[in-house]
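Structure first, then comments.
The values are calculated or read from the model by the stated rules, or taken from the named source; none is laboratory data. Being a predicted model, the structure only gives us computed values, none of them experimental. When we count neighbours, we look across all protein chains shown, and the Cβ atoms used for this are built from the backbone with ideal geometry, even at glycine.
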Amino acid sequence: MDSFKQPDMKNFIKSFVKMKPKQIIIMLIGNLVLALGVALFGKAGLGNHPFHTMLYAAANLIGGDLWHTYANCQVALNIVLFIIVFCFGRRHIGLGTIVNMFLLGYAVDGFGKLLDVLNINPAASGGAYLVEWLGLKNIWQIILEIIATLLISLGISLYQSGELGAAPYDALPLIAVDHKKPFAPYRMLADGSCFVLTIVFSLICGFSNVPVEAKIGIGTVLTVFCTGPFIRFFDRTISYKIAGKSE
């Protein structure tokens, strides 16, 4: 059987039944780590991951409570992407896909509000800018940005290694891998597309009206190039070992 051949509906349904507790735990932990990373990106204020920056920009365009609207936008977009993945990469759909589709956005919402309670919001601190065009006010923003990048990559790596399905967005480059294409460039292509859409939404709203969570920054650019390679790094060094997988 070719590695990219779609499972028939009978085997597709069976995949939701044949789950081990270890797989479920790894998947849930991975999603929580990912959600925390996204929330920290927002508080760092130096640019979020392109996919989530795009969602924050769309939420700002729609209006209402930013965090809650962001979560609703993520669910709506995930449903559209789910249909695409169902048609072309059904083997990557599982319980983890459903959890990520409907719960990740609200987990980010919860972590964001928790960080507010803990007063972890260096981008909102007073004082003069260290580097104004970057939006950099203090060293904590850089530290948070680095931590967030690592957490997002680790979170994606963990929940994918549980083999209970990938998020619809994360499944797109995996479909390319099924067809013997390299992972990192296609992940970069997906992130780059979100980068462009963020600019479009920001132009519509006016860049001066864009909240810090939706602003494009050095972190947005770095994640376009770093997330794919970091995911593979964590696959080999942490996630596959925890899941008992081999390359």
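Tabulated data
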{"read-out": "Matching residues, segment 213-247, being among the hydroxyl-bearing types (Ser, Thr, Tyr) and out of contact with any Leu (no Cβ under 7 Å at 6 or more places or on another chain)", "value": "THR220, THR223, THR227, THR237, TYR240, SER246"}
{"read-out": "Boolean, ASP109 is crowded, with 17+ Cβ neighbours inside 10 Å, at pLDDT 80 or above, of a type in the set (D, E, K, R) and in a helix (DSSP H, G or I)", "value": "yes"}
{"read-out": "Residue ID - nearest to the chain's Cα centre (by Cα), chosen from residues in segment 44-70 that are of a type in the set (S, T, N, Q) and at pLDDT 85 or above", "value": "THR53"}
{"read-out": "Checking GLY192 against (1) over 17 Å from LEU158 (Cβ atoms); (2) of a type outside the set (A, V, I, L, M, F, W, C); (3) modelled with pLDDT of 90 or more, the condition it does not meet", "value": "(3)"}
{"read-out": "Filter pass, ALA123 being surrounded by fewer than 23 Cβ atoms within 10 Å (Cβ to Cβ), in a helix (DSSP H, G or I) and either out of contact with any strand residue (DSSP E or B) (no Cβ under 9 Å at 6 or more places or on another chain) or touching a residue at least 12 places away in the same chain (Cβ under 8 Å) (or both)", "value": "yes"}
{"read-out": "Candidate set from segment 56-69 (those that are in a helix (DSSP H, G or I) and free of Cβ contacts under 8 Å to residues at least 40 places away in the same chain); member that is surrounded by the fewest Cβ atoms within 10 Å (Cβ to Cβ)", "value": "ILE62"}
{"read-out": "Selection count, segment 78-106, where residues are in contact with a helix residue (DSSP H, G or I) (Cβ under 8 Å, 6 or more places away or on another chain), surrounded by fewer than 18 Cβ atoms within 10 Å (Cβ to Cβ) and aromatic (Phe, Trp, Tyr)", "value": "3"}
{"read-out": "Every pair of residues 6+ apart whose Cβ atoms lie under 9 Å, when the first sits in segment 207-226 and is part of a helix (DSSP H, G or I) while the second is acidic (Asp, Glu)", "value": "ILE218/GLU145; GLY219/GLU145; THR220/ASP191; LEU222/GLU145; THR223/ASP191; VAL224/ASP191; PHE225/ASP191"}
{"read-out": "Those residues of segment 196-244 which are of a type in the set (A, V, I, L, M, F, W, C), within 14 Å of GLN160 (Cα to Cα) and within 19 Å of the chain's Cα centre (by Cα), in sequence order", "value": "PHE230, ILE231, PHE233, PHE234, ILE238"}
{"read-out": "Candidate set: segment 22-43, residues that are surrounded by 24 or more Cβ atoms within 10 Å (Cβ to Cβ) and under 10 Å from the mean Cα position of the chain (by Cα); chosen: the one farthest from VAL117 (Cα to Cα)", "value": "LEU34"}
